[in-house]
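All of the numbers you see were taken from the coordinates with simple rules; none came from a lab. Quantities reported herein were computed from a predicted structural model and do not represent experimental measurements. Positions of Cβ are backbone-derived with ideal geometry, glycine not excepted, and every protein chain shown enters the neighbour counts.
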Amino acid sequence: MTRYQALDVIDTSYDPYGGTITSWTWELYKGASKLYSGTTVPAQSYYNTIGQYTLKLTVRNNRGLTSETYSRMFEIIEDNIPPGVTIEPLDCDWRQSVDVKLEFYDDGGSGFKHYKYAITNSQATPSSWSNNIASVNGKVTIDTETEKYLHIIAEDNVGNITSDNVTGPYLIDRTNPTIQVIGDLQTIVVDELTLDLEANDVPSGVATFKMDGDCLLYTSDVADD
């Protein structure tokens with residue numbers, strides 16, 4: 001484990017003849033050097049440097065009998081694990097905007113430090129980024145048009161930096177569609193009026209037409225503009 005993580009010690013000592021455990025002696029060694037001896041599990045400050053350690057336990061029962069010494073080895077390493085991030089949603093179909101939620105974590109134990117992001121038109125690693133943001137929970141709003149990609153990098157407290165986390169595409173359309181009536185609106189044959197309609201929308205495309213009783217025409221696009 002890394003030097004930032006606490007040792008998880010579970011003591012299951014017992015007396016097979018039904019007696020009670022009355023005393024504990026814990027010992028900690030780094031190599032052949034004894035670092036600690038006491039009645040409780042050694043604090044993390046005793047094993048926060050890189051190396052191999054041995055933790056030993058001897059117990060005594062209420063009849064004065066002492067157990068054999070039980071030992072376990074563990075190794076402390078440097079934190080070389082970059083932080084991680086969960087991103088939701090990973091992409092979206094045509095919308096006017098999307099809020100992307102971020103949650104960061106650090107398995108190496110040194111702790112999350114900050115992240116930064118970029119919104120671009122491609123999956124290529126960007127040349128410019130936002131300022132550093134020191135929050136384990138974040139939100140990035142994407143509301144600029146066309147096909148967008150979100151880039152996230154994060155750093156922990158010992159300087160491990162993630163690779164570029166890229167999500168997308170996020171398809172954004174904030175432009176209302178246009179509609180044009182082609183033909184002579186003054187010529188009505190009996191009770192019938194024929195209209196040629198031409199609607200355009202960039203980038204998501206026309207989704208619906210609607211006409212009310214006063215012959216007012218409406219249209220909407222895929223992004224509901």
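With each label point set 7 Å from Cα along the Cα-Cβ vector, what nm distance links TRP129 and LEU35?
3.3 nm
SER71 to ASP8: extension gain in nm, 0.36 nm per residue of separation minus the Cα-Cα distance?
Extending this stretch completely gives an extra 21.3 nm.
Starting from region 65-108, pick out the GluC sites (Glu not before Pro) whose DSSP state is loop and whose Cβ has at most 11 other Cβ atoms within 10 Å.
Those satisfying the criteria are GLU68.
Which chymotrypsin sites (Phe, Trp or Tyr not before Pro) from region 1-87 combine a DSSP loop assignment with at most 10 other Cβ atoms within 10 Å?
TYR17
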